[in-house]
Structure formats: structure tokens, C-alpha cells
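Student: Before I ask anything, let me first share the structure, which is written out below as C-alpha cells.
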Amino acid sequence: MSRRNVARFWEWGRKIICVGRNYAEHARELKNELPTEPVLFLKPPTAYVKEGSPILVPHYSSNLHHEVELGVVVGKAGRQIPQTSAMEHVAGYALCLDMTARDVQDQCKAKGLPWTLAKAFDTSCPVSDFIPKERIPDPAGVELWLKVNSVTRQRGSTAHMIFSVPFLISYISRVMALEEGDLILTGTPKGVGAVHEHDELQAGIEGVISMTFRVGRQAAVHN
Ligand SMILES: CC(=O)CC(=O)C(=O)O
Ligand SMILES: [Mg+2]
């Protein structure tokens, strides 16, 4: 049997684990309390979209937000991973967007419901090509940026994460097994905002990679 290449992790069908409220300024801009433990949620592998295909506004949302994030690609499976050996489980990184139907998320929050409709729809996880681990020697030293129609909306350093990458790997692996090909989205810095059909999104990790996506709209299906 031929061995799959983790550099094409989005084809593996593995889980996408997302961390929310990991930057104080972003938590404050949405009037959320600062977390004392990581806030976790999941996206299915059907959320992946690659450059060349559009990000689709779900048919039930009228306020889709961008969130640029550093993604960590898991290269070695593990459970109950200590922080001291957490980085041994990292194969590399990816530039990611955690597309969020903010209007739907606000309704879910108000009703005390999970965020699945707001976070897990098709195309809610645009990703760059795989970035080998050696290209990012320190995941706490990464500058993320995002522009909409050439106007800068987000710029922030992973130095400001509340919970570090090794801490997150250790924490998550005490909740669920990490598997090769899993992706961890580490939260977004401040500056999130709305995107609309026909907008162009550009995002990057300074000096490492950039990517461009167009926004389309999911057709509503009437049964
Ligand atoms: C409020 C959120 O949507 C949390 C989140 O995803 C984040 O990155 O922070
Ligand atoms: Mg996010």
C-alpha cells in the first residue's frame, strides 16, 4: 500500500480542531471573557477549500466573517502528550482561515447551542499549501495578515497567543487522540470582519506564504 503524504493533509479526511479566543484583543473585540482554558470546537474535513475554488457564504447567513489563523499539522499520533515533547508531534504548518457565520454564531451563543452551523459548513476552512516545520522555527514568532479587496483587516503576531502551540497540543491530546494528518487552528488575532460575494481575500504569513480566495454564495435549495 502506498504511504500517504502528510503534505496533502487536507485529502486525508482527518479532523480539524479549532481553538477560540486565543488572543486577548480578539476576545475583547467580540466582548468575550478571556478564557482560563482553551475553547475548542471542530470542523469536518469537508470544510477544506484550496486556492482556485471559492469560499461560499452559507445560504442561511448574511454575515460571514474572516478569521486568519496559524494551522498546525500533526505528524505523529498521540494521547496525553506532555508539553515537553509536544513539538515532536508537529509535521508542519498551514495558513488557515476559520470562516465564521457570525450572525448564526451569535444566535447559537444566545440559545446556548453549539457552533456547528456557524463554523463547520462546506468551505469554512480555506488552507494554504503545507509549510514544512523547518520553515517556521518558532510558532510563537509568526506574523499573520489578511486583506479584503487589498485593504488590510488583520495583522497580528502569534507571540500574543494566550495558550502556546505546545500547551494546545498537550491540552487537546488529553481530550481526544491526535492523529497524523489532523489540523489544529490556533485562534485568530483582532480585526475580524464581514466578507461579501465577489470579495477577494488575501492572507499571509509574513515572509513564508500567501494565498488568495474569491467569495461566492451557496445556492439555497428549496425542497
Ligand atoms: C468567537 C470565535 O469565533 C472564536 C474563534 O474562532 C477564534 O479564533 O477566536
Ligand atoms: Mg477562529
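Student: If you go through the range 106-143, how many residues are over 20 Å from I162 (Cβ atoms) and open to solvent by less than 30 Å² (accessible area, probe 1.4 Å)? Let's see the steps before the verdict.
Tutor: So the first thing to find is which residues in the range 106-143 are over 20 Å from I162 (Cβ atoms), and the list is 106-108, 110-114, 116-118, 120-135, 137.
Filter once more, so that each one left must be open to solvent by less than 30 Å² (accessible area, probe 1.4 Å): 108, 118, 120-121, 123-128, 131.
So the answer is 11.
Student: While we're looking at this one, here's another question. Name the residue that is nearest to P139 (Cα to Cα), counting only residues in the range 183-199 that are open to solvent by 50 Å² or more (accessible area, probe 1.4 Å) and either out of contact with any strand residue (DSSP E or B) (no Cβ under 7 Å at 6 or more places or on another chain) or away from ligand 1 (no atom under 16 Å from the Cβ) (or both).
Tutor: Step one: filter the range 183-199 for residues open to solvent by 50 Å² or more (accessible area, probe 1.4 Å), giving 190, 196-198.
This time we only want the ones that are either out of contact with any strand residue (DSSP E or B) (no Cβ under 7 Å at 6 or more places or on another chain) or away from ligand 1 (no atom under 16 Å from the Cβ) (or both), so: 196-198.
Working: H196: 31, E197: 33, H198: 33 Å.
The extreme case among them is H196.
Student: G20 fails exactly one of the following numbered conditions: (1) open to solvent by 90 Å² or more (accessible area, probe 1.4 Å); (2) within 10 Å of ligand 1 (Cβ to nearest atom). What is the number of that condition?
Tutor: With (1) open to solvent by 90 Å² or more (accessible area, probe 1.4 Å); (2) within 10 Å of ligand 1 (Cβ to nearest atom) applied to G20, the lone miss is (1).
Student: Right, another one. Quick check on my filter: what residues within the range 1-55 are without any contact (Cβ under 8 Å) to a residue 60 or more places away in the chain and within 14 Å of the chain's Cα centre (by Cα)?
Tutor: Residues satisfying the conditions are V39, P45.
Student: Can you pull out the residues in the range 44-64 that are open to solvent by less than 20 Å² (accessible area, probe 1.4 Å) and not β-branched (V, I, T)? Show your work before the answer.
Tutor: Narrowing the range 44-64 to residues open to solvent by less than 20 Å² (accessible area, probe 1.4 Å): 47, 49, 55, 57-58, 61, 64.
Those that are open to solvent by less than 20 Å² (accessible area, probe 1.4 Å) and not β-branched (V, I, T): A47, P58, S61, L64.
Student: Hey, another quick one. Which of the residues spanning the range 99-146 are within 12 Å of ligand 2 (Cβ to nearest atom), touching a residue at least 60 places away in the same chain (Cβ under 8 Å) and farther than 24 Å from V73 by Cα?
Tutor: Passing the criteria: only R102.
Student: Mind checking whether some residue in the range 65-73 is open to solvent by less than 10 Å² (accessible area, probe 1.4 Å), of a type outside the set (D, E) and farther than 22 Å from L201 by Cβ?
Tutor: no
Student: Take the conditions surrounded by fewer than 21 Cβ atoms within 10 Å (Cβ to Cβ), of a type outside the set (A, V, I, L, M, F, W, C) and touching an Asp or Glu at 6+ places or on another chain (Cβ under 6 Å) and apply them to R14. Does it pass?
Tutor: Values: surrounded by fewer than 21 Cβ atoms within 10 Å (Cβ to Cβ): yes; of a type outside the set (A, V, I, L, M, F, W, C): yes; touching an Asp or Glu at 6+ places or on another chain (Cβ under 6 Å): yes.
Taking the combined requirement at face value, the residue satisfies it.
Student: Sort out for me the strands (runs of 3 or more DSSP E) sitting completely within the range 42-139 that have 2 or more residues that are farther than 22 Å from V221 by Cα.
Tutor: So the answer is 64-66, 68-74, 90-97, 125-127.
Student: Which of the residues spanning the range 166-182 are in contact with a Phe, Trp or Tyr (Cβ under 9 Å, 6 or more places away or on another chain) and within 16 Å of ligand 1 (Cβ to nearest atom)?
Tutor: Y171
Student: Of all residues being assigned to a loop (DSSP other than H, G, I, E, B) and within 14 Å of ligand 2 (Cβ to nearest atom) in the range 1-31, which is farthest from P44 (Cα to Cα)? Just the residue, please. Working first, answer last.
Tutor: Initially, the range 1-31 is screened for residues assigned to a loop (DSSP other than H, G, I, E, B), giving 1-5, 12-15, 21-22, 30-31.
In the following step, the residues that additionally are within 14 Å of ligand 2 (Cβ to nearest atom) were identified as 21-22, 30.
Numbers: R21: 20, N22: 21, L30: 25 Å.
Here the residue is L30.
Student: While we're looking at this one, here's another question. Enumerate the pairs (first residue in the range 148-166 and within 15 Å of A27 (Cβ to Cβ); second residue anywhere and among the polar types (S, T, N, Q)) with beta-carbon separation below 6 Å, excluding pairs fewer than 6 apart on the same chain, so at least 6 apart or on different chains.
Tutor: Between residues of the range 148-166 that are within 15 Å of A27 (Cβ to Cβ) and residues that are among the polar types (S, T, N, Q), the close pairs are M161/N22; I162/N22; F163/N22.
Student: Among the residues in the range 144-166, are any modelled with pLDDT of 95 or more, outside any strand (DSSP E or B) and open to solvent by less than 10 Å² (accessible area, probe 1.4 Å)? It would help to see each step written out before you state the result.
Tutor: First, pick out the residues of the range 144-166 that are modelled with pLDDT of 95 or more: 144-166.
Applying the additional criterion that residues be outside any strand (DSSP E or B) yields 149-150, 158-160, 162-166.
Keeping just the survivors that are open to solvent by less than 10 Å² (accessible area, probe 1.4 Å) gives 158, 165.
Yes: the range 144-166 contains one or more residues that are modelled with pLDDT of 95 or more, outside any strand (DSSP E or B) and open to solvent by less than 10 Å² (accessible area, probe 1.4 Å).
The values are calculated or read from the model by the stated rules, or taken from the named source; none is laboratory data. What you are looking at is a predicted structure, and each value in this text was computed from that prediction instead of being measured. A quick note on method: Cβ atoms are made from the backbone with ideal geometry, for glycine too, and the neighbour counts reach across all protein chains shown. SASA here: full protein model, heavy atoms, side chains in, ligands and nucleic acids out. Shrake-Rupley method; radii C 1.70, N 1.55, O 1.52, S 1.80 Å.
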